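Every number here is computed from the coordinates shown, using simple stated rules; none is lab data. The structure presented is a predicted model; accordingly, all values stated were derived computationally and were not measured. Neighbour counts are summed over all protein chains in view; Cβ atoms, including those assigned to glycine, are modelled from backbone coordinates with ideal geometry.
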Amino acid sequence: MSLSVDIHLKVGPFELKSAFQSFEGITALFGPSGAGKTLTLRSIAGLAAGTTGRVLLSDRVLLDSRAGIDLPPRARGIGYVFQQYALFPHLSVEKNIGYGLSDLPSAELQARVDSFLELLGLDGMGKRRPSELSGGQQQRVALARALATQPELLLLDEPFAAVDIRMRKRLRGELRRIQEVTGTPMLLVTHDLTEVRQLANFVVLIDQGAVLESGPAGEVLSEPLHPLLLELTDEKLV
Amino acid sequence: MNYDSGPLWLSLQVATLATLISLVVGVPLAWALSRLNFRGRDLLSVLILLPMVLPPTVLGYYLLRLIGREAALGQAWEALGLGRLVFTPAAAVIAAFVASAPFLMKSAQAGFEQVDRVYEEAARTLGRSELEIFFTVTAPLAWRGIVAGIALGFARAMGEFGATLMVAGNIPGRTQTASIAIYDAVQASRIEEANLLALILSIVTGGMLLLLARLGRGSGW
């Protein structure tokens with residue numbers, strides 16, 4: 001898998017010009033608040049109308065505004081874990097996880113749902129409503145729902161923002177494990193350097209709508225070229 | 001005393017049909033107004049509101065100009081071999097529909113506007129089509145607004161009087177709805193009959209509202 005992004009989008013006074021590549025494993029889209037991280041994810045998923053440029057996922061063209069190609073979100077084969085999870089409040093955990101699998105025969109659908117309940121440690125919770133779950137459990141349901149469709153790429157928008165620090169540590173470890181088990185490449189938005197260190201194979205540094213630096217995590221983090229990264233790393237090291 | 005239950009049955013039938021048509025026409029329009037940006041959106045909004053604020057006589061008059069024997073819609077109806085449209089039960093349904101649909105639409109629109117779009121976005125990334133998303137996510141989450149709209153619209157249709165009188169008339173056994181029969185009874189000093197009809201109309205309409213309120217609270221989510 002390789003993701004190649006070169007996009008342009010104007011939203012009011014904010015201008016996003018984002019160009020980078022990502023590969024297997026976990027890529028962190030890292031930068032301060034308001035840098036355009038979420039907007040970049042939305043553009044890749046096809047949720048940000050008006051995006052121009054090109055998005056390639058392996059050998060598939062998802063967006064090529066010059067060629068007039070702009071696949072709708074449902075045809076992109078990209079999973080998305082929203083910051084507040086966006087679990088359907090009127091559906092059970094099972095129905096949430098199976099929502100993207102309506103094309104499967106029901107026995108197969110149930111088997112797939114069960115396997116993801118198990119993978120995420122949600123056994124026995126299938127019949128509950130999202131409102132009956134803890135924040136950490138909700139996050140796992142969101143992950144299960146997005147992964148159940150077996151997307152080619154999974155986008156995660158600050159997936160640990162809504163849980164407390166202890167839970168965050170645990171969930172990070174779990175995300176790493178799930179990435180390894182499923183092999184699904186992930187692009188993760190974060191403004192937390194600890195998260196980048198613990199999770200990322202690849203880092204894309206973004207600020208004010210532009211990509212400043214990108215490369216393997218080891219290189220980018222050990223020899224920060226950009227003053228902003230230096231600033232962010234210093235801040236977090238103190 | 002004996003009274004004729006015909007007008008009440010007619011009112012129930014007319015209101016039910018008008019509400020069903022309002023649902024089919026009104027819910028998609030309400031959705032469009034809450035979700036899409038298109039030219040003429042504001043104008044459409046005002047057109048939908050107008051029947052709520054115009055005097056029923058004005059509404060009735062416009063309807064006559066639309067479905068009368070000289071009017072395009074009336075003539076189209078006759079060309080289909082369906083006979084005259086004005087002064088028929090069908091005209092009563094049209095009047096009840098026009099008068100009550102705005103109530104259903106406004107309430108449904110408010111229901112749709114309360115649904116966070118992130119749920120629809122999540123559904124899109126999960127590969128479902130827009131129509132599927134409407135029926136599995138948007139409408140269930142807007143359920144309370146839609147049910148409240150059905151209740152309000154139905155009640156309004158049950159009580160429709162002015163526009164109905166103008167386009168459907170007051171033909172006993174054919175277009176005389178409960179509210180018109182009450183007016184007729186009062187005019188003819190049949191006070192007991194008016195009392196009884198008014199009471200039954202109040203109870204039936206109130207009961208329907210109660211039923212729908214429970215439905216809105218119970219299911220949905």
Item to complete: Using a cut-off of under 12 Å, list every residue of segment A:68-107 whose amide N is near the label point 7 Å from the Cα of B:Glu132 along the Cα-to-beta-carbon line.
Response: A:74-75, A:98-105
Fill in: Longest site-free stretch - chain A; sites: trypsin sites (Lys or Arg not before Pro), DSSP loop, at most 11 other Cβ within 10 Å
A:128-238
Worksheet item: Across segment B:78-91, in residue order, what do the Karplus-derived ³J(HN,Hα) couplings come to in whole Hz, using 6.51 cos²θ - 1.76 cosθ + 1.60 with θ = phi - 60° and x for Gly and Pro?
Response: 5, 5, 6, x, 9, x, 5, 9, 5, 6, 10, x, 4, 5
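Neighbour counts of other C-beta atoms within 10 Å: give me B:Tyr183, B:Tyr119 arranged from fewest to most. Don't skip to the end; give the middle numbers.
Numbers: B:Tyr183 17, B:Tyr119 20.
Going from sparsest to densest Cβ surroundings: B:Tyr183, B:Tyr119.
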Fill in: Efficiency of FRET from Cβ geometry, A:Val181 and A:Ala75, R₀ 35 Å, rounded to 0.05
0.85
Discussion item. On a straight-distance basis, which aspartates and glutamates could pair with A:Lys17 in a cross-link, Cα separation under 16 angstrom, same-chain partners fewer than 8 positions away excluded?
Written reply: A:Asp6, A:Asp64, A:Asp207, A:Glu213
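Can you give the relative contact order of chain A as a percent, counting alpha carbon pairs under 8 Å and 6+ residues apart?
28 percent
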Worksheet entry | Candidate lysines - alpha carbon under 16 Å from A:Lys127, same-chain residues fewer than 8 apart omitted | A:Lys95
Item to complete: Between A:Ser2 and A:Thr52, with labels modelled 7 Å along Cα→Cβ, what's the label distance in nm to one decimal, could you check?
Response: 2.6 nm
Worksheet item: Using the per-residue mean of other Cβ atoms lying within 10 Å as a proxy for protection, in what order, highest first, do the peptides B:146-156, B:132-142 fall?
Response: B:146-156, B:132-142
Practice prompt. Pull out a ≥ b ≥ c, the square roots of the eigenvalues of the alpha-carbon gyration tensor of segment A:129-238, then state rounded if a/c is under 1.5, prolate if not and a/b is larger than b/c, and oblate in the remaining case.
Written response: prolate
Worksheet item: What shape does chain A take by its C-alpha gyration tensor, where a ≥ b ≥ c are the square roots of the eigenvalues and a/c under 1.5 counts as rounded, a/b above b/c as prolate, and the rest as oblate?
Response: oblate
Worksheet entry | Sparse-neighbourhood loop sites, trypsin sites (Lys or Arg not before Pro) in segment B:76-129 - DSSP loop, at most 16 other Cβ within 10 angstrom | B:Arg84
Practice prompt. Excluding residues fewer than 8 places away in the same chain, name every one of the aspartates and glutamates whose C-alpha is closer than 19 Å to that of B:Lys106.
Written response: B:Asp42, B:Asp116, B:Glu160
Worksheet entry | Net charge over other residues, Cβ less than 12 angstrom from the Cβ of A:His226 (K, R count +1; D, E count -1) | -4
Worksheet entry | Point-to-point label distance, A:Lys95-A:Ala210, nm (Cα→Cβ direction, 7 Å offset) | 4.9 nm
Practice prompt. Using a 10 Å cut-off on Cβ to Cβ distances, tally the other chain neighbours for every residue of A:89-95 and report the average as a whole number.
Written response: 3
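Pairs of Cα atoms under 8 Å, at least six residues apart: use those to get the relative contact order of segment B:6-218, whole percent.
30 percent
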